[in-house]
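Please read the structure below before turning to the comments.
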Amino acid sequence: MDYMVQTEKIFKYLDLNIEIEDKITISKIKQIFNNDLNLFGCFIKDFLMIKNPNKTIEDECLYNDFVLYFENVITKNEIKKELLEIYNFGKYYLTIVFEDTNDIELQNTILIVNSCFALDSYPYLMILQDKYKKKEINKNSYILMLQSISDVILKTFENPNNLSIKFNETDIAKKISNTKERLVS
């Protein structure tokens with residue numbers, strides 16, 4: 001889908017609703033995406049899926065869904081925090097899309113994800129990178145979860161009628177919890 005018009009509207013909306021000092025972060029976000037509005041739109045769709053795991057984000061409603069999400073951010077007065085999160089998750093997203101990482105385990109999983117066109121796992125990979133970077137999970141848990149993603153994707157790719165990949169934040173929380181419990185015992 002071509003997200004250019006909706007992405008332009010998102011940036012205009014942000015321009016009207018944030019303070020001047022926050023516009024620096026928006027500029028940095030545009031910069032990491034090399035001003036590619038379509039790529040940014042693809043990212044925002046996945047980012048909104050992370051923020052609203054029980055909601056289906058329709059391509060044609062991307063702008064509306066973003067505005068609903070950001071109005072909640074404004075209400076909670078967490079604009080700086082959320083813009084920084086968009087920036088960080090944008091970097092994670094670009095790592096996946098361009099397969100640009102020195103982390104061998106992550107690189108292997110990304111290669112499998114992209115080779116098998118398992119794009120619906122992008123939000124899960126972004127969350128996993130974020131949790132690892134924030135030290136909410138340790139290296140062993142991180143590696144085990146990356147391996148489980150690869151295994152599920154490969155099994156699905158081999159036999160698409162038996163399995164379907166549907167990653168969401170609830171699944172992530174359960175898998176992180178289960179992995180921590182296995183590692184402790």
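Annotations for the structure displayed:
- Filtered by the rule that a residue be open to solvent by less than 20 Å² (accessible area, probe 1.4 Å) and either part of a helix (DSSP H, G or I) or in contact with a Cys (Cβ under 7 Å, 6 or more places away or on another chain) (or both), region 55-68 gives L62, D65, F66.
- Residue match in region 88-96 (condition: outside any helix (DSSP H, G or I), over 18 Å from I10 (Cβ atoms) and among the hydroxyl-bearing types (S, T, Y)): no
- Considered as a group, the residues in region 81-108 that are over 15 Å from the mean Cα position of the chain (by Cα) and more than 19 Å from L48 (Cβ to Cβ) include one that is most open to solvent (accessible area, probe 1.4 Å), and that residue is N102.
- Number of positions in region 69-80 that are surrounded by 15 or more Cβ atoms within 10 Å (Cβ to Cβ), of a type outside the set (A, V, I, L, M) and farther than 18 Å from I127 by Cβ: 1
- Per the listing I127, I149, I143, I112, the residue uniquely assigned to a helix (DSSP H, G or I), open to solvent by less than 30 Å² (accessible area, probe 1.4 Å) and more than 20 Å from E85 (Cα to Cα) is I149.
- Residues in region 151-170 that are under 17 Å from the mean Cα position of the chain (by Cα) and either modelled with pLDDT of 90 or more or hydroxyl-bearing (S, T, Y) (or both): T170 only.
- Of the residues N54, N114, the single one that is modelled with pLDDT of 95 or more and either polar (S, T, N, Q) or touching an Asp or Glu at 6+ places or on another chain (Cβ under 6 Å) (or both) is N114.
- Residue among L16, L48, L62 that alone is out of contact with any His (no Cβ under 7 Å at 6 or more places or on another chain) and touching a residue at least 24 places away in the same chain (Cβ under 8 Å): L62
- Note on region 1-54: residues that are acidic (D, E), surrounded by fewer than 19 Cβ atoms within 10 Å (Cβ to Cβ) and under 18 Å from the mean Cα position of the chain (by Cα) total 1.
The values are calculated or read from the model by the stated rules, or taken from the named source; none is laboratory data. Note that the structure is predicted; figures quoted are calculated from it, not measured. Cβ: placed from backbone, ideal geometry, glycine included. Neighbour counts: every protein chain shown. Each accessible area value is taken on the protein alone, full model and side chains, heavy atoms only, with ligands, DNA and RNA left out. Shrake-Rupley method; radii C 1.70, N 1.55, O 1.52, S 1.80 Å.
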